[in-house]
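Below: the structure, in structure tokens.
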Amino acid sequence: MTADGPMTADGRPGPARPGPEHGRLDRIEVTGIRAWGHHGVLAAEKELGQQFVVDVTLHLWTAPAGRTDALSRTVDYAEVAAAVAEEIGGGPHDLVETLAESIATRILTGTGHPLVRRVGVRVHKPAAPVGRPVGDVAITIERDAAPIPAVLALGTNLGDRESHLVGALELLADTDGIEIAWTGPVLETAPVGGPDGQGTYLNSALGVLTTLGPFELLEAAHRAERAARRERLMRWGPRTLDVDVITYGELRSDDEELTLPHPRAHQRAFVLGPWHAARPSAELPGHGPVAALLAAAADRDGLVPGPALTGFDRS
Ligand SMILES: Nc1ncnc2c1ncn2[C@@H]1O[C@H](COP(=O)(O)OP(=O)(O)OP(=O)(O)O)[C@@H](O)[C@H]1O
Ligand SMILES: Nc1nc2c(c(=O)[nH]1)N=C(CO)CN2
């Protein structure tokens, strides 16, 4: 097994490859969702209504749910079907194009958000008044979810710390679906917690725009840790590289594998300091302005400027 092989950072079996970072998402399909709607250009269609049938394809990474059997780590297809039926019953719109678009938007920004990264919608209007017998009228569209802004925190206090940070930034920047939006400065910070006598840390923070789902982003973070040969020997012990997901849009999650925002970020000057330096008006969802959190953090006096490293200069 190589450091980059199919294992999670703590040595458990990881997702079968190819995974989301290889551009291939899984698909959940719900077909034949039937409901009465009043869409159509003709007045009679709006007045009487007719049956519409919709098929949806949800593109998402399902390995976290498949591994743990947890519905909270995937999209509930019953909720999707209910949302689609509601959209069919809404409007009315003149065009099937508009109905398909409204269903795609509802899934990408509502029911399926943020796990569903792409959706396919096929709307059938089998009784459409075409003026002659036809088998069906259907439209198919495919739409991508908007990229999500996320914040990652990096820390290292073992081995060649500078190389670990530069390597992590390069690996993340090269990951499909991750675009680096900004980087914080590198700060040298006193260790917080863990065993006595461990070395000082270099910490930084990154802002990314990502088309990956939250678990896929965590997997990319773990991949960077594996590339630095991260070992988990003791809690808060020395480490070659730690990459934490601090925020993923406004998402709140109490899943122990991915708690969002990161459950200790609001107390940590070594996370808030580099973030604040790059984005002074940032807010941590559920906790308020990063500036105020930084001013109140117990470890705020343990930060000093670190080395100027390649890449960590994009604010
Ligand atoms: N927001 C998150 N970012 C990164 N890991 C998380 C997050 N939420 C939960 N985890 C889980 O925490 C577990 C332990 O992570 P890790 O070993 O990096 O902790 P740590 O860096 O020693 O401590 P801390 O979590 O206090 O930073 C991981 O297996 C991961 O699944
Ligand atoms: N200064 C500093 N202290 C820490 C850090 C860190 O990155 N920097 N990470 C920890 C666990 O993630 C625990 N303590």
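The values are calculated or read from the model by the stated rules, or taken from the named source; none is laboratory data. Nothing here was measured: the structure is a model prediction, and the numbers come from that model. Don't worry about glycine lacking a Cβ; one is built from the backbone with ideal geometry, like all the others, and counts go over all protein chains shown.
A few remarks follow.
- Selection of helices (runs of 4 or more DSSP H) fully inside the range 27-110 by the criterion of at least 3 residues being over 23 Å from the mean Cα position of the chain (by Cα) returns 43-48, 77-89, 96-106.
- Selected residue (criterion: nearest to ligand 2 (Cβ to nearest atom)) from residues of the range 240-255 that are of a type in the set (A, V, I, L, M) and more than 13 Å from Ser204 (Cβ to Cβ): Val245
- Residue within the range 211-223 that is among the charged types (D, E, K, R) and within 11 Å of ligand 2 (Cβ to nearest atom) present: no
- Residue list for the range 168-186, restricted to those being assigned to a strand (DSSP E or B) and surrounded by fewer than 22 Cβ atoms within 10 Å (Cβ to Cβ): Glu179, Ile180, Ala181, Trp182
- Meets criteria (assigned to a strand (DSSP E or B) and buried (at least 20 other Cβ atoms within 10 Å of the Cβ)) for Val245: yes
- Flag set for Arg279, criterion: in the same structural domain as Gly194 (by TED's automatic domain parsing) and more than 12 Å from ligand 2 (Cβ to nearest atom).
- Sole exception among (1) of a type in the set (Gly, Ala, Ser); (2) at pLDDT 95 or above; (3) part of a loop (DSSP other than H, G, I, E, B) for Gly273, by number: (3)
One line per residue, one yes/no per condition, for (1) touching a residue at least 24 places away in the same chain (Cβ under 8 Å); (2) more than 11 Å from ligand 2 (Cβ to nearest atom):
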position: Glu257; (1), (2): yes, yes
position: Ala269; (1), (2): yes, no
position: Ala295; (1), (2): no, yes
position: Ala298; (1), (2): yes, yes
position: Ala308; (1), (2): yes, yes
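- Apart from one condition, Gly213 fits all of (1) surrounded by 16 or more Cβ atoms within 10 Å (Cβ to Cβ); (2) at pLDDT 95 or above; the exception is (2).
- With respect to the conditions (1) within 13 Å of ligand 1 (Cβ to nearest atom); (2) of a type in the set (D, E, K, R); (3) surrounded by 13 or more Cβ atoms within 10 Å (Cβ to Cβ); (4) modelled with pLDDT under 95, Arg235 falls short on a single one, namely (3).
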